[in-house]
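Each reported figure results from applying straightforward, stated rules to the coordinates on display, with no laboratory input. Note that the structure is predicted; figures quoted are calculated from it, not measured. A quick note on method: Cβ atoms are made from the backbone with ideal geometry, for glycine too, and the neighbour counts reach across all protein chains shown.
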Amino acid sequence: MLSDPLSEVTRKERRNLIGSALTYIIVVKLELVPSKISALGIELSSPAQDTFLSIFALIVCYFLCAFGLYAISDVLVWRQRFQQYLERDDAADLTGVISSRTPDKMKQNISHLAWMYTYPSILSMLRAIFEFILPVIIGVYAISLQIF
């Protein structure tokens with residue numbers, strides 16, 4: 001449950017999404033839309049500045065979609081690994097590896113080590129929120145600035 005849920009590709013898309021979305025939010029909120037790009041010799045009129053923001057929002061939308069596609073795949077793989085772990089644990093119990101212990105000793109061991117099974121699941125859920133949901137919230141918020 002505590003393994004890294006993101007592949008390298010998904011992690012890069014996550015970085016791109018968060019970076020572009022936060023840059024877009026800063027540009028919109030602080031009204032930092034460029035009126036001139038001197039390196040290219042371009043001056044942006046007011047309609048061109050709106051187009052600039054629209055194109056920037058589309059870039060954020062692209063990264064949001066890319067991250068979403070890769071993240072869904074990674075979540076399914078992450079969940080499959082956890083399911084396989086549960087199945088191996090059940091198989092071990094059926095073969096008598098675990099059940100050969102006395103019930104009293106098992107209860108004592110389980111209650112003594114319960115924290116090892118509680119905290120990882122909580123930490124795993126927090127990590128899933130941080131890794132998967134937070135970037136989506138940031139991206140959707142950035143795009144909503146252009147829409148509304």
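Observations
- Taking every alpha-carbon pair in the range 26-91 and binning the separations at 10 Å intervals from zero gives 17, 26, 18, 14, 12, 9, 3 percent.
- Cβ-based net charge around residue 145, under 15 Å, with every Lys or Arg adding one and every Asp or Glu removing one: -1
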